[in-house]
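First comes the structure, then the notes that go with it.
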Amino acid sequence: PPFRPDWASLDARPLPRWFDRAKVGVFVHWGVFSVPAWGSEWFWWHWRGERDPRYERFVRSRFPPGTSYAELAPRFTAHDFQPRQWAQLFQRAGARYVVLTTKHHEGFTNWGSPRSWNWNSVDTGPHRDLVGELGQALRERNLRYGLYHSLMEWFNPLYLADKKCGFKTQDFVVKKMMPELYDLVLKYKPDLIWSDGDWEAPDSYWNSTSFLAWLYNESPVKDTVVVNDRWGSGCSCQHGGFYNCADKYQPGTLPGHKWEMCSSIDKLSWGYRSNMSVADLMDEATIIEELVQTVSLGGNYLLNVGPTKEGVIAPIFQERLLALGRWLDTNGEAIYESEPWRVQVENSTDTVWYTSKGPAVYAIFLLWPRDNVLELCSPIPSPATRVTMLGYAGTLKWQQSPGKGLLVSLPYILPSPLPPQSGWALKLEGV
C-alpha cells in the first residue's frame with residue numbers, strides 16, 4: 001500500500017488469509033420481499049417492473065386493492081428475530097462466516113440509514129437495527145461478519161434518472177449509494193463486503209475503485225476486509241477480491257484465483273417462500289456434495305437461507321444446516337484450512353474428491369463402494385503409507401492396486417436396503 005484507485009493496483013492486494021481458511025459460510029436473504037414470501041426476492045421487480053400477470057394476480061388475491069410495495073414494509077415485523085439463536089444455529093452448522101443482506105435491489109435497508117428515510121428497518125417494520133443486532137451476536141461467537149449490499153435500486157428515482165442519461169450522471173451514487181456503503185463500513189466494521197446489483201453500469205459509474213482504495217488504505221477494516229467481484233459490468237470473474245463469477249458457479253477445474261460458490265437450500269429462491277415444497281429443497285447429500293466439490297477446487301461454500309418476515313428460520317432449513325454441521329463435526333479436518341491437492345477429483349469418477357493439509361491427503365468419497373473396498377488411483381503409496389477414516393478409530397488395511405494406486409478396505413457397515421448417505425473422508429499419510 002497505499003493502493004491506487006485502479007484495478008491493476010487493487011487486484012494485487014493479497015487476500016486476507018482468514019477467508020481461504022474459513023471454507024464454509026451462511027448467506028441470509030431477508031427484507032421486505034419476505035412479506036409476500038412468494039416467487040422470489042425479486043418480487044417487486046416481477047410485479048411492477050415486468051408486470052408479470054402471475055404476480056398481479058397474487059397481489060390481488062392477498063392484499064387490499066391499490067396496495068403498493070412500500071405498504072408491505074410495516075408487515076416486515078421481525079417479531080420473532082432472536083439474533084443469538086441465529087448465531088448459535090450458524091455456528092452449529094459449521095459456518096465460519098455469515099453474510100446478511102443489508103440492502104437488496106428493493107433499496108430497503110436493514111439498518112437505520114439516514115439516506116433511506118422511512119425505507120429502513122429502524123423507521124418502519126421491525127423498528128430495529130437488524131444489521132447491528134446480528135453482528136453483535138455473531139461476534140460473541142467469533143464468527144466473521146459479511147455484509148451483502150446491492151449497488152443498484154430498481155425503482156429509486158435518482159438511479160432511474162442516471163440510467164436514463166446512460167449513466168453519464170452520478171446523482172444516485174453520490175447522494176445515496178456511496179454514503180450508505182461508507183456508513184456500513186464505519187458503523188459495523190465488516191469482515192467481508194458482498195457486492196451485487198452492479199451489472200447495468202460500468203465500475204466508473206459506481207465509483208468502485210475509489211471506494212475500494214479507501215477500504216484497503218484507510219478504513220477501520222483495511223487489513224482484514226475481503227470483497228467479491230461484483231463492482232461493475234465486466235468486473236465479475238475479472239476484478240476484486242475473491243470471485244463469485246455467477247450465482248451457483250461451479251468451475252469444473254481448479255481456477256487460478258480464490259473463488260466462492262453461493263448456493264441456496266431452496267433451489268428456486270434466495271428469499272423465503274411460504275409455498276416451497278420439500279422437492280424444491282436441496283437434501284443433505286446434495287449440500288455435502290456441493291461443499292466437497294467446491295473446497296476440492298479451492299473455493300469457499302456459502303449456503304443460503306431465507307428467514308420469514310417474523311425472523312424465523314424455517315425448521316426444514318435449520319435441519320439442513322444442522323445436518324451439514326454434524327457432517328463437519330466428523331469430517332471438518334478435511335475441509336477447514338485445507339488446500340487443493342495436485343489432483344482434485346479421481347479421473348474415473350466424480351464421487352472421490354481430494355483436499356490436502358501439509359503432508360496429509362484427504363480422499364472424500366460420496367458413494368460407499370458395494371464391496372467395502374475403495375480404489376484410489378491418484379495417490380502413490382509408499383511403505384510408510386497409513387490410512388485412517390475420520391470419525392473411525394484405528395487404521396484401515398490397504399494394498400497396492402494393480403495400477404499405481406491403492407485399494408482400501410473400509411470398515412464393515414450394517415446392511416441396509418439403502419446405500420448410506422452423505423460422504424466420508426479418508427486421511428492418507430505417507431503418499
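Overview of values
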| quantity | calculated |
| --- | --- |
| Residues of the stretch 99-138 that turn out to be without any contact (Cβ under 8 Å) to a residue 40 or more places away in the chain and either under 17 Å from Gly197 (Cα atoms) or outside any loop (DSSP other than H, G, I, E, B) (or both), as a count | 1 |
| Output for the stretch 12-28, where each listed residue is open to solvent by less than 10 Å² (accessible area, probe 1.4 Å) and either among the aromatic types (Phe, Trp, Tyr) or in a loop (DSSP other than H, G, I, E, B) (or both) | Phe19, Lys23, Phe27 |
| Some residue of the stretch 24-47 being over 15 Å from Lys309 (Cβ atoms) and of a type in the set (D, E, K, R) | no |
| Looking only at the stretch 238-255, and only at residues there that are under 19 Å from Leu303 (Cα atoms) and of a type in the set (S, T, N, Q), the one that is modelled with the lowest pLDDT | Gln250 |
| Close pairs (6 angstrom Cβ cut-off, 6 or more residues apart or separate chains): closer than 19 Å to Arg144 by Cα and open to solvent by less than 40 Å² (accessible area, probe 1.4 Å) in the stretch 225-252, assigned to a loop (DSSP other than H, G, I, E, B) and acidic (Asp, Glu) anywhere | Tyr243/Asp229; Asn244/Asp229 |
| Any pair with Cβ under 9 angstrom, 6 or more apart, that starts in the stretch 53-66 at a residue that is under 14 Å from Ala37 (Cα atoms) and ends at one that is among the polar types (S, T, N, Q) | Val59/Thr67 |
| Residues being of a type in the set (Ser, Thr, Tyr) and either outside the structural domain of Ser236 (by the TED database) or in contact with a strand residue (DSSP E or B) (Cβ under 9 Å, 6 or more places away or on another chain) (or both) - total across the stretch 191-210 | 2 |
| Qualifying residue in the stretch 59-71 (condition: open to solvent by 70 Å² or more (accessible area, probe 1.4 Å), closer than 30 Å to Met178 by Cβ and of a type in the set (A, V, I, L, M, F, W, C)) | no |
| Every residue from the stretch 73-91 that is among the polar types (S, T, N, Q) and not in a helix (DSSP H, G or I) | Thr77, Gln82 |
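The values are calculated or read from the model by the stated rules, or taken from the named source; none is laboratory data. Because the structure is a prediction, the values reported are computed rather than measured. Virtual Cβ from ideal backbone geometry, glycine too; neighbours counted across all protein chains shown. Remember, those area values only see protein heavy atoms, side chains included, never the ligands or the DNA or RNA. Shrake-Rupley method; radii C 1.70, N 1.55, O 1.52, S 1.80 Å.
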